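Enquirer: To start, I am sharing the structure in question, which I have written as structure tokens.
Just so you know, all these numbers are worked out from the coordinates, no wet-lab data involved. Please read these numbers as outputs of a predicted model, since none were measured by experiment. Note that each Cβ is placed from the backbone with ideal geometry, even for glycine, and that neighbours are counted across all protein chains shown.
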Amino acid sequence: MEFQSQEKTDPKTYFLKNNGLDRILYNLDFSVLQKYRCFANCKNCYTKDLWIPAKQIENYIPAAINESLRSQLFKVFEYFDKVSIIDDLKFIKDGAPHLWSFYMENQNLFYLSSLNDNAVLRHFPLLTQEFFPQGINEICLSEDFMNRQNSIEFLGMLEKIHQRVPIKNITFYARTDEMTTIAIQMHQWCLANEVKFKSAGPVPNNIIQNWASRSQSIFLMHDRFYNDLKTATTAVGQSYASLDDFDSRSFLAQTLNARMVNYNQFIRQNLNVYVDYNFIPLPVLPPFTKFYKTLISKGLAVETKYGLLFHNSDSFGPIKPLMDFKTKE
Ligand code: SF4
């Protein structure tokens, strides 16, 4: 659940502060495939039970990214501060070279979302010799995995990656709360290389937290939008919007409606979302977001002291907000 009301915090204020569109729309997680699949085979993988079987994943590899799709993708990317690849790039390069070329041609547009344990080893040749996106949002390493590595060699590999593709964060999943030698070594490496370091508890205890933080993102799988990693991974997971008919204004209402399942009962019962809105109040979409700036630069909305106003044909018409709460309190 994204929503966790804290003691003495008004649920509506908490919702706006923590679940406003600024959080959701900052990063777009992207895949050239129609469903998420990884072949890194990490011991502590928390998504493998959801995967489409290896033999069937071919059904989710699109035949091409044609000109029309490219142009639609680039239009959508303009609305997000970051677009982060979630693909197993080794699999894309070997198994779908026609899609790999799209990444190679446009590598400057992307970040990598995250690399966990084995994926660091698996991606090392690519990220040091061939493919140089803008950065890696997060590398997650478990103590079990690190104990199987030569730590000096492994930190040397991280350094080589970091020289070409800056690593933003490292999360270390320790087995206990103790700061072990390997945790200290990693912390020191992060300090020396200006990478943020976080030591989290044992992996199983953090699965829910991990899902929650990932669920802040929207997932664009080739040409369909998904609400979370689970729906983007499973064969039965349903998309909530498509690239074909992308309209930035409708998209915001579609996204909020789709995310209703992530919210707690109070929000589900009291939040109204209006598809035919013409006003987005602050702080639902703050001015610092790229989505806000793009709506203005494209002439789709105008700034007011209280939020963004959209045109309804020739006039602005009566104010109808994107969302409001049913209860007065
Ligand atoms: S990289 Fe992530 S998704 Fe892939 S096997 Fe490892 S934990 Fe699972």
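Enquirer: Against the definition (away from the ligand (no atom under 16 Å from the Cβ) and over 16 Å from M221 (Cα atoms)), how does E143 come out, yes or no? I'd like the intermediate steps shown before the answer.
Expert: Working: away from the ligand (no atom under 16 Å from the Cβ): no; over 16 Å from M221 (Cα atoms): yes.
Taking the combined requirement at face value, the residue does not satisfy it.
Enquirer: Sticking with this structure for a sec: Exactly one of (1) within 25 Å of the chain's Cα centre (by Cα); (2) more than 18 Å from K90 (Cα to Cα) is unmet by Q149. Its number?
Expert: (1)
Enquirer: Out of all the residues in the range 174-186, which are assigned to a helix (DSSP H, G or I) and crowded, with 17+ Cβ neighbours inside 10 Å?
Expert: I182, A183, M186 - these are the residues of the range 174-186 that are assigned to a helix (DSSP H, G or I) and crowded, with 17+ Cβ neighbours inside 10 Å.
Enquirer: Could you go through the range 40-54 and let me know if any residue there is within 16 Å of the ligand (Cβ to nearest atom), of a type in the set (A, V, I, L, M) and assigned to a helix (DSSP H, G or I).
Expert: Just the residues of the range 40-54 that are within 16 Å of the ligand (Cβ to nearest atom), to begin with: 40-54.
So of that shortlist, the ones also of a type in the set (A, V, I, L, M) come out as 40, 50, 52, 54.
Right, trim to assigned to a helix (DSSP H, G or I) and you get 50, 54.
Scanning the range 40-54 turns up at least one residue that is within 16 Å of the ligand (Cβ to nearest atom), of a type in the set (A, V, I, L, M) and assigned to a helix (DSSP H, G or I).
Enquirer: Looking at the range 88-120, which of the residues that are small (G, A, S) and away from the ligand (no atom under 16 Å from the Cβ) is farthest from F291 (Cα to Cα)?
Expert: A96
Enquirer: Name the residue, out of N106, N116, N169, N150, that is out of contact with any helix residue (DSSP H, G or I) (no Cβ under 8 Å at 6 or more places or on another chain) and under 30 Å from E67 (Cβ atoms).
Expert: Values: N116 fails: under 30 Å from E67 (Cβ atoms); N169 fails: under 30 Å from E67 (Cβ atoms); N150 fails: under 30 Å from E67 (Cβ atoms).
Criteria check complete, one pass: N106.
Enquirer: Okay, moving on. Out of the residues in the range 63-87 that are buried (at least 16 other Cβ atoms within 10 Å of the Cβ) and part of a loop (DSSP other than H, G, I, E, B), state the one that is farthest from the ligand (Cβ to nearest atom).
Expert: Y79
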